[in-house]
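Before any comments, here is the structure.
Each reported figure results from applying straightforward, stated rules to the coordinates on display, with no laboratory input. Keep in mind the model is a prediction, meaning the values are calculated, not measured. Reconstructed Cβ throughout: ideal geometry from the backbone, glycine too, with neighbour counts over all protein chains shown.
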Amino acid sequence: MNQILGEKVSIVTDKPQTTRNRILGIYNDPNTQIVFLDTPGIHQGRRGLNKRMVQTALATLNEVDLVFFLVPPDISFGVEDALITDHLRRIKTPIILVVNKIDTVSQDQIIPVLQAYHATGIFTDVIPISALTGKNVDRLVEVSKKFTSEGTPFFPDDIATDQPMRFLASEIIREKAILKTRDEVPYAIAVDIEKIQRKILQKLRPRSMWSAIHKKAFSSGRRAVF
């Protein structure tokens, strides 16, 4: 979503379940406004936090006009994938398979992934992309436009998200903590901003940063829907 908007509104790490909240991103061009929702990944959550994240993702599926189902290109179709596609099969919303990180694998490695998901029969289209390089990301926008209808924009054309500065700042700090600490700090952490000093350069002082659950007990979901 960051690549689509040209701004950072959702944090990114290589850890599963990095996204915990539904993040709204707003795309604008001279003729169109599209609202994207980046949700937590659907996975087999057993703890309270994970269950809430999954509930958020599933609830969103019936609130949107189009679902992009995002998968990596190098993981075989397994039990958890079957669970997720079973959820998707129950909704009436059109679903497009988006295979990300195509810049990291060869075409021969992508084909088995495409075949496995195509066999489910639930996808109306397949779009391979690289969110890192931006390859084919414009296709996501063009496909999304086909599902829009005429009407008044929901948001001003000069904002990229409805999230407040305090939330965005706490998320960026959490992202950096995950990326920089690795084994030292469990990545299931939360950040609370105590104070924002608005000067030429904003200075942020996080009030607290704590682990929500034990690192080794965190579910290893690996899929995201937005």
Next on the checklist: Place a point 7 Å from Cα of Ser149 in the direction of its Cβ. Which residues in region 83-98 have their backbone N less than 20 Å from it?
Outcome noted: 91-96
Checklist entry - Mean projection of the alpha-carbon convex hull of region 2-161 over all orientations, in nm²? => result 9.6
Item to check | Whole-Å distance, taken between Cα centres, linking region 86-126 and region 2-40 | outcome: 20
Checklist entry - Can you pick out the pairs among Lys8/Lys101; Lys146/Lys180; Lys135/Lys176; Lys8/Lys195 whose Cα atoms lie more than 29 Å from each other? => result Lys146/Lys180
Item to check | Inter-label distance for Gln163 and Thr133, nm, one decimal - labels placed 7 Å from Cα along Cα-to-Cβ | outcome: 2.7
